[in-house]
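Structure, as structure tokens:
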Amino acid sequence: MKITFPHMGTSPIAFRMLIEKLGHQAVMPKRPSEKTLSLGSHYAPEFACLPFKILLGTYLEALEEGAEMVITSGGLGPCRAGYYAVLHDKILKDLGYHIDFVVLEPPQKRAVDFLKKLKKITSGNSMSVVWEALSTTWTKIKVLDEIESMTYEIRPFEVNKNETTKIFEECLKIIDAAWTKEQILSSKGKCLELLNSIPVDAARNPLKVGIIGEIYVVLEPAANFDIQRVLGEMGVIARRSIYLLDWTKDNTFFKGEEHIKHAAKPYLNQMVGGHGTLSVGNTVLYSREGYDGVIQLAPFACIPEIVSKSILNKVTKDLDIPLLTLFLDEQTGKAGINTRLEAFVDLMYSKRRLKQGVVV
């Protein structure tokens with residue numbers, strides 16, 4: 001069976017290994033490009049959000065490579081993400097394609113449904129093979145997240161511009177080649193050595209920015225114009241509120257969001273879908289931790305993030321922390337995003353100097 005899946009950050013590296021360990025052929029999704037978005041936008045409803053269009057374009061590209069099945073995630077609550085796969089399937093069938101969609105819903109809500117769909121992927125494999133594949137994939141995701149996170153801490157201090165980015169690309173190849181837990185942990189050690197060898201200027205005092213918003217546009221650099229790398233090159237430590245491992249934990253049988261929801265309660269104490277509540281809660285937490293600002297990333301017309309944006313205006317005013325909201329769609333341009341980021345960075349530096357009593 002030829003199986004594909006969404007391209008979201010570094011996750012394809014781990015998911016390819018999972019698919020192939022289970023005896024299938026992985027059709028690697030291409031990093032979303034202008035062509036990908038153009039394809040998706042052409043066939044998607046006009047009102048559809050950016051992730052919907054990118055994913056549709058990704059599946060169309062994978063179909064050209066012979067993909068027979070798509071494995072994707074579902075969603076709960078008042079968010080259209082839960083209907084993505086249904087609409088993608090209908091659009092592709094209307095175009096004459098026939099592909100099987102396996103939508104894995106959060107198992108803590110629909111355990112029987114989750115196991116039935118998981119069986120479609122794992123059928124024919126013993127429990128030991130399935131467990132080894134899943135646990136090894138979990139280890140790889142964890143290492144990928146740790147290494148990526150580390151690059152965002154180093155980049156604002158690097159002496160030679162782009163060196164962190166080059167080494168990160170090398171690290172992805174090293175981790176990609178590792179197929180056992182021992183090899184993956186060894187690859188982590190090699191990557192840490194490479195990253196720690198980067199010359200840095202420890203005397204710098206960079207700004208700290210928290211990144212919140214809808215999961216796809218936060219995790220996928222192609223959707224957000226590689227905002228964390230760009231901010232790092234501007235001398236800013238940009239820490240996002242969610243990584244793939246966090247999302248996986250929160251949508252299986254682990255609890256990791258309760259402290260964030262608790263922080264949001266004074267402003268928002270109910271489910272609004274997507275990551276709306278978490279956007280509010282994380283902004284509160286970033287303020288408490290002394291961050292210089294917060295950037296909200298959201299697909300244009302994303303209802304949960306629109307709700308949180310209306311509430312964040314009060315949150316940021318009460319907590320005196322600057323907020324930049326970037327709504328993204330197929331019309332958004334890199335130059336415009338960079339100009340807004342530069343202005344926001346200048347604002348944060350000015351605010352820091354004012355707090356320190358420095359008059360310019």
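The values are calculated or read from the model by the stated rules, or taken from the named source; none is laboratory data. Only a predicted model underlies this, so the values are computations on that prediction, with no experimental measurement involved. Cβ placement follows ideal geometry from the backbone for every residue including glycine, while neighbour counts extend to all protein chains displayed.
On the basis of being among the hydroxyl-bearing types (Ser, Thr, Tyr) and within 27 Å of MET69 (Cβ to Cβ), does THR151 make the cut? Walk me through how you get there before you give the answer.
On the way: among the hydroxyl-bearing types (Ser, Thr, Tyr): yes; within 27 Å of MET69 (Cβ to Cβ): no.
Spelling it out, it is not the case that THR151 is among the hydroxyl-bearing types (Ser, Thr, Tyr) and within 27 Å of MET69 (Cβ to Cβ).
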Practice task
Go through segment 290-318 and give me each residue that's of a type in the set (A, V, I, L, M, F, W, C) and within 17 Å of ARG240 (Cβ to Cβ).
Solution key: VAL294, ILE295, LEU297, ALA298, CYS302, LEU312
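Within segment 244-256, does at least one residue satisfy the condition of being polar (S, T, N, Q), touching a residue at least 12 places away in the same chain (Cβ under 8 Å) and touching a Leu at 6+ places or on another chain (Cβ under 8 Å)? Give the derivation first.
So the first thing to find is which residues in segment 244-256 are polar (S, T, N, Q), and the list is 248, 251-252.
Checking the rest, the ones that are also touching a residue at least 12 places away in the same chain (Cβ under 8 Å) come to 248, 251-252.
So of that shortlist, the ones also touching a Leu at 6+ places or on another chain (Cβ under 8 Å) come out as none.
No, segment 244-256 contains no residue that is polar (S, T, N, Q), touching a residue at least 12 places away in the same chain (Cβ under 8 Å) and touching a Leu at 6+ places or on another chain (Cβ under 8 Å).
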Exercise for the section: Considering each residue of segment 131-162, count those that are surrounded by 18 or more Cβ atoms within 10 Å (Cβ to Cβ) and more than 20 Å from the chain's Cα centre (by Cα), and give that number. Expected result: 5
Handout entry: Filter result for ARG239 (of a type outside the set (Gly, Ala, Ser), under 30 Å from SER33 (Cβ atoms) and part of a helix (DSSP H, G or I))
Key = no
Fill in the blank from the handout: Of the candidates MET28, MET8, the one satisfying the condition of being in a loop (DSSP other than H, G, I, E, B), surrounded by 20 or more Cβ atoms within 10 Å (Cβ to Cβ) and at negative phi is MET8
Handout entry: Breaking point among (1) under 17 Å from the mean Cα position of the chain (by Cα); (2) buried (at least 22 other Cβ atoms within 10 Å of the Cβ); (3) under 14 Å from ILE211 (Cα atoms), for PHE327
Key = (2)
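Could you say which residue among ILE321, ILE311 is over 22 Å from VAL217 (Cα atoms), crowded, with 18+ Cβ neighbours inside 10 Å and not polar (S, T, N, Q)? Working first, answer last.
Values: ILE311 fails: over 22 Å from VAL217 (Cα atoms).
Going through ILE321, ILE311 in turn, just one is over 22 Å from VAL217 (Cα atoms), crowded, with 18+ Cβ neighbours inside 10 Å and not polar (S, T, N, Q): ILE321.
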Completion exercise
Within segment 284-314, of all residues that are in a helix (DSSP H, G or I) and β-branched (Val, Ile, Thr), the one farthest from the chain's Cα centre (by Cα) is ILE311
Practice task
All but one of (1) out of contact with any helix residue (DSSP H, G or I) (no Cβ under 7 Å at 6 or more places or on another chain); (2) free of Cβ contacts under 8 Å to residues at least 60 places away in the same chain hold for ILE121, so report the exception by its number.
Solution key: (2)
Exercise for the section: Output the number of residues of segment 266-277 satisfying the condition of being surrounded by 24 or more Cβ atoms within 10 Å (Cβ to Cβ) and either farther than 18 Å from ILE303 by Cα or not polar (S, T, N, Q) (or both). Expected result: 3
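Out of everything in segment 315-330 that is outside any strand (DSSP E or B) and of a type in the set (A, V, I, L, M, F, W, C), what residue ends up being nearest to SER350 (Cα to Cα)? So that I can check it myself, show each step before the final result.
Of the residues in segment 315-330, the ones outside any strand (DSSP E or B) are 315-322, 329-330.
Filter once more, keeping what is of a type in the set (A, V, I, L, M, F, W, C): 315, 319, 321.
Working: VAL315: 21, LEU319: 17, ILE321: 13 Å.
Checking each candidate, the answer is ILE321.
Can you tell me which of ILE198, ILE174, ILE215 is of a type in the set (Val, Ile, Thr) and within 30 Å of SER287 (Cβ to Cβ)?
Details: ILE198 fails: within 30 Å of SER287 (Cβ to Cβ); ILE174 fails: within 30 Å of SER287 (Cβ to Cβ).
Within the list ILE198, ILE174, ILE215, the selection yields ILE215.
In this structure, does HIS262 turn out to be surrounded by 24 or more Cβ atoms within 10 Å (Cβ to Cβ) and either among the charged types (D, E, K, R) or at pLDDT below 95 (or both)? Break it down into steps so the answer makes sense when it comes.
Details: surrounded by 24 or more Cβ atoms within 10 Å (Cβ to Cβ): no; either among the charged types (D, E, K, R) or at pLDDT below 95 (or both): yes.
Judged against the criteria, HIS262 is not a match.
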Exercise for the section: Determine if segment 65-86 includes at least one residue that is modelled with pLDDT under 95, in a loop (DSSP other than H, G, I, E, B) and among the β-branched types (Val, Ile, Thr). Expected result: no
Handout entry: Scan of segment 321-360 for residues that are among the acidic types (Asp, Glu) and touching a helix residue (DSSP H, G or I) at 6+ places or on another chain (Cβ under 8 Å), ordered by number
Key = ASP329, GLU330
Exercise for the section: Answer with yes or no whether LEU297 is farther than 17 Å from LEU341 by Cβ and touching a residue at least 24 places away in the same chain (Cβ under 8 Å). Expected result: no
Exercise for the section: Go through segment 31-58 and give me each residue that's small (Gly, Ala, Ser), surrounded by fewer than 23 Cβ atoms within 10 Å (Cβ to Cβ) and in a helix (DSSP H, G or I). Expected result: SER38, SER41
Practice task
Among what's in segment 118-130 and is surrounded by 14 or more Cβ atoms within 10 Å (Cβ to Cβ) and not β-branched (Val, Ile, Thr), pick the residue that is farthest from VAL236 (Cα to Cα).
Solution key: ASN125
